[in-house]
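Just so it is clear, none of the values below were taken in a lab; they were calculated from the coordinates. Just so it is clear, the structure is predicted and the values come from calculations on it, not from any experiment. Reconstructed Cβ throughout: ideal geometry from the backbone, glycine too, with neighbour counts over all protein chains shown.
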Amino acid sequence: MSSTALQINLNNKLIDLSTPVIMGILNTTPDSFFKGSRFVSDKDILKCVEKIVSEGGTLIDIGGYSTRPQADVVTDGEEIRRVSEALEIILKKFPDVLISVDTFRSTVVREVVRNYNVAMINDIGGGTLDPLMFETIADLKVAYVLMHTRGTPQTMQSKTEYDDLMADVFRFLEKRIAQLRLFGVNDIIIDPGFGFAKTSDQNFELLKKLSYFRELNVPLLAGLSRKSMIYKLLGTDAEGSLNGTTAANMLALMGGASILRVHDVKEAFQTIEIYKAYCK
């Protein structure tokens, strides 16, 4: 069964996105920008997953390569090792949990989907960082998050010049959705890429005009959690930006976001509950 604008097929489970859902973040990296999302020990990984699930998370997004600006380069093998070890630990205790893996490498995709029944791939490169990504997604029949960016994590902050930000991001996503459809990929989610090759002002323009992306007729993911667009504006840091994240997430929901990718699941769940009451 394929996706519609309000549904996505994850491991043969049809997830209804007419009510927004939460993707909780679990990083197996030592250098992710928010230290509260870094988990390395078995105990900490399981504690994080249990917290995400108990607080209302639908998906767990696992990353083995930090994509913050100027992040250290990690080899394919090291990324696979980090993610695979976490998946081994998680699936022994939570065999039915829906897992997304945050990677832009098709080699990593093949390894984790074949061996660990991963339900979704969250690609910050939108297929631009690996020419084999789209055909790999099609071959493995896995759901796919298509994100807009430019360059690599090491170069993206130098690539913020646009002729027309909204038009350029929209066309990028529209073109690549069409390419994915030609490969036979049906379960597609889009992410405008807050913080990726965009200035703070550009991030807020995207947020203000998020509803424009509804025309693409696929679910929309918003990844705003504790990002610099929030904490720099508020004169704080990632640790001090939870309240700002909650405010930004509410704006994203009002703009049509179906998935909130967050570090703080309980607060995101409460935000969705208030949004649902507001929309009645």
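With each label modelled as a point 7 angstrom along the Cα→C-beta vector, the Lys141-Thr19 pair spans 2.9 nm. Computed packing ranks the peptides 176-185, 123-132 as 123-132, 176-185, most packed first, by mean other Cβ atoms within 10 Å. Computed from backbone phi with θ = phi - 60° and the Karplus coefficients 6.51, -1.76 and 1.60, the 3J(HN,Hα) list for segment 184-191 is x, 8, 9, 8, 10, 10, 10, 9 Hz; x is used for glycine and proline.
Positive-end ranking of Gly77, Gly255, Met166 along the dipole of segment 20-279, with charges on Cβ about the Cα centre, is headed by Gly255. Listed cross-link partners Lys141/Lys227; Lys227/Lys266; Lys209/Lys280; Lys209/Lys266 are compared with a 20 Å cut-off, the Cα-Cα value being larger for Lys141/Lys227; Lys209/Lys280; Lys209/Lys266.
Helices that extend 20 Å or more along their long axis by alpha-carbon positions and average at least 0.0 on the Kyte-Doolittle scale are, among the DSSP H runs of the chain, 165-183, 265-279. Calculated on C-alpha atoms, the gyration radius of segment 127-280 divided by its Kirkwood radius gives an Rg/Rh of 0.97.
Pairs of Cα atoms nearer than 8 Å and 6+ residues apart set the relative contact order; for segment 150-280 it is 22 percent. Expressed in Å, the radius of gyration and Dmax of the Cα atoms of the chain are 17.1, 49. Measuring nothing but how far apart in sequence close Cα pairs (under 8 Å, 6+ apart) lie, relative to its length, the chain scores a relative contact order of 20 percent.
Annotation: peptides 101-110, 49-58, ranked by per-residue average of other Cβ atoms within 10 Å with the highest first, follow the order 101-110, 49-58.
Taking label points 7 Å from Cα along the Cα-to-Cβ direction, Thr107 and Lys276 give a separation of 4.3 nm. Taking other C-beta atoms within 10 angstrom as a stand-in for reagent exposure, Ile8, Ile90, Ile99 fall in the order Ile90, Ile99, Ile8, fewest first.
Put simply, segment 241-280 fits an ellipsoid with semi-axes of 15, 10, 9 Å; these come from the alpha carbon gyration tensor as the roots of five times its eigenvalues, largest first. Subtracting the Cα-Cα distance of Asp42 and Thr236 from their residue separation scaled by 0.36 nm leaves 66.7 nm. With each label modelled as a point 7 angstrom along the Cα→C-beta vector, the Tyr212-Ala178 pair spans 1.8 nm.
Estimated from the Cβ-Cβ distance and a Förster radius of 35 angstrom, the FRET efficiency linking Ser54 and Thr160 is about 0.35. When every Cα-Cα distance of segment 91-130 is counted in 5 angstrom steps from zero, the calculated P(r) takes the values 6, 25, 30, 20, 12, 5, 2, 0 percent. Between Leu146, Leu59, Leu14, the GNM of the chain built on Cα springs shorter than 10 angstrom shows Leu14 fluctuating the most.
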